[in-house]
Ligand code: ASP
């Protein structure tokens, strides 16, 4: 245990140093006119690092969820944890989008009014709620892995996990051990890759700063500020209250122990990529393995509170630029569509911007407006990913504490029963 602690601290510190050095290097590249060098020769190493994570994360999620299901040993328990998880995610996401809309309306004064004529943005094929629903279920065994479709992988692993539990009586424990071994194996591979994260973080952040540096100071600084105020309020208020009330953890401890995952998410802008570090942090905060292995991959796929805040802020900003005043019922529509859109958003860089189109269309705002914020999407994305993964971890911690309390109550009841007999 002691050895484990010793290992964790230096990684957090190294990631922090790498982030600081990466920002500094980015500023220097931008100031000396060498942004192209950073993009051409440093960014590819960041891409290699993220690619490696993406490569291993699909089998990891597949086996990790299966082993989570198996270790709960009871389909009912999986169902009850699943329902609580989805409810937690939905409730926190609706808080997030409400905070996003409130902050954007209150801080409208910070928004620049930009020229909208001549804007063009090629909107992606928009997805309806039913499309999102149908897409959750795979139609081919291998396709989810080939396309790294996380939701479909989760569905597949749940089905196979349940099946394993059901055939348990007839078979030996071998299948169970096989799943656990595969899980351990891919965890080990992931551990090896995560050791490279300080280098990865440096190579990811330096080109972003080199490319965006001057733009951040440009006209969109006000919009970025409003989004970040929304992100921070949501993290500090909603997650602090949740971990305090649900797991009796002080918010300071929560954020301190979450720091490695937060820094990693900030520099990689990928919830899925942050999964392994997030799992370590959540476990360090008392979340149980069988809960994290199920709740975190699901959260990295469907729970996007930061994305919802971003969509609310951008919708109001774009409306302002077009001189449109949104009505209350339009705001409510945004709350609903942003919640669905954030569920449909993949845990990968820039995915949330694509889904912004769906939110804008739902209230009749021009989709071309996305072009106004596209240039600095990465800066929005770093913040929203940080919020996204912190929300996932808070859920794993709260649900673990809840399940432990339930278990204790059950044990007490049993004891009472036994002593009464
Ligand atoms: N990059 C975000 C994530 O991975 C998704 C988004 O673009 O909003 O969580």
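General remarks:
- Filter pass, residue 341 being assigned to a helix (DSSP H, G or I), within 11 Å of the ligand (Cβ to nearest atom) and farther than 12 Å from residue 381 by Cβ: yes
- Residue within segment 206-213 that is farther than 20 Å from residue 39 by Cβ and touching a residue at least 60 places away in the same chain (Cβ under 8 Å) present: no
- Residues of segment 326-338 satisfying the condition of being assigned to a loop (DSSP other than H, G, I, E, B) and either crowded, with 19+ Cβ neighbours inside 10 Å or in contact (Cβ under 8 Å) with a residue 12 or more places away in the chain (or both): 326
- Checking the stated criteria, residue 420 turns out not to satisfy the condition of being near the ligand (Cβ under 10 Å from one of its atoms) and either buried (at least 20 other Cβ atoms within 10 Å of the Cβ) or without any contact (Cβ under 8 Å) to a residue 60 or more places away in the chain (or both).
- Close contacts from segment 343-354, counting a first residue that is closer than 15 Å to residue 149 by Cα and a second that is within 6 Å of the ligand (Cβ to nearest atom) and outside any loop (DSSP other than H, G, I, E, B), with Cβ to Cβ under 7 Å and a gap of 6+ residues or different chains, come to 345/307; 345/351; 345/352; 347/271; 349/381.
- Residues satisfying the stated conditions in segment 380-404, i.e. near the ligand (Cβ under 8 Å from one of its atoms) and out of contact with any helix residue (DSSP H, G or I) (no Cβ under 6 Å at 6 or more places or on another chain): 381
- Output for segment 346-379, where each listed residue is part of a loop (DSSP other than H, G, I, E, B) and within 12 Å of the ligand (Cβ to nearest atom): 346, 347, 348, 349, 350
- Residues being more than 22 Å from residue 144 (Cα to Cα) and within 15 Å of the ligand (Cβ to nearest atom) - total across segment 289-317: 11
- Among the residues of segment 358-372, the one identified as without any contact (Cβ under 8 Å) to a residue 40 or more places away in the chain and buried (at least 18 other Cβ atoms within 10 Å of the Cβ) is 362.
Coordinate-derived values only; no laboratory data. Computed from a prediction, not measured in an experiment: that's the story for all the values here. Glycine gets a Cβ as well: all are built from the backbone with ideal geometry, and neighbour counts include every protein chain shown.
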